[in-house]
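Note sheet for the following structure.
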Amino acid sequence: MRILLVLSIVLAVILGCHAYSATWGRRNSNDYLLSRTTEARNPVKNNYWNLNVNYPNGFYNISAVVVYDNFKNNSGASPSLYSGGPGYRYATVNLRSAVNKGLNSTVEIWGR
Ligand SMILES: *[C@@H]1O[C@H](CO)[C@@H](O)[C@H](O)[C@H]1NC(C)=O
Ligand SMILES: *[C@@H]1O[C@H](CO)[C@@H](O)[C@H](O)[C@H]1NC(C)=O
Ligand SMILES: *[C@@H]1O[C@H](CO)[C@@H](O)[C@H](O)[C@H]1NC(C)=O
């Protein structure tokens with residue numbers, strides 16, 4: 001049952017809306033929010049935004065990196081984890097917007 005539930009959630013994420021939110025790792029209930037960064041940019045004609053959100057080497061171990069797309073209408077930036085992340089003490093998340101679109105994404109770093 002559990003497998004089925006997980007599978008259907010994965011499918012729903014893949015097939016469903018392309019809301020560009022992402023999670024790497026797993027957040028535990030007693031983790032601290034180490035950092036929350038919101039990046040917002042206006043659209044640029046015939047061009048896109050490509051920017052990195054850096055969480056420099058810290059004291060705590062990162063358990064999860066969560067990116068929220070604040071646009072919620074399929075036109076937000078697509079996030080990728082460039083370096084670090086869960087199991088490391090630093091992380092770099094790249095946000096790439098679509099051409100002619102701005103972006104408004106929030107990057108959260110959790111750990112303890
Ligand atoms: C981070 O993880 C390493 C390896 O598991 C551990 O030795 C270290 O104590 C952890 N740091 C913190 C702040 O918990
Ligand atoms: C980005 O989204 C957040 C959450 O919806 C909102 O509070 C904020 O005003 C937005 N920023 C810009 C520059 O639109
Ligand atoms: C999506 O929402 C954002 C912020 O509300 C807006 O700037 C943008 O134009 C919208 N995109 C589309 C395709 O509707």
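We did not get these values from a lab; they are worked out from the coordinates using the rules stated. If you're wondering where the values come from, they're calculated on a predicted model, not measured in any experiment. Note that each Cβ is placed from the backbone with ideal geometry, even for glycine, and that neighbours are counted across all protein chains shown.
Side notes on the structure shown:
- Separation of the THR23 and PHE59 label points, Cα + 7 Å toward Cβ, nm: 2.7
- Radius of gyration, Dmax [the stretch 31-112; alpha carbons; angstrom]: 13.1, 42
- Residues of the stretch 84-112 with amide N under 18 Å of the 7 Å Cα→Cβ point at ASN42: 97-105
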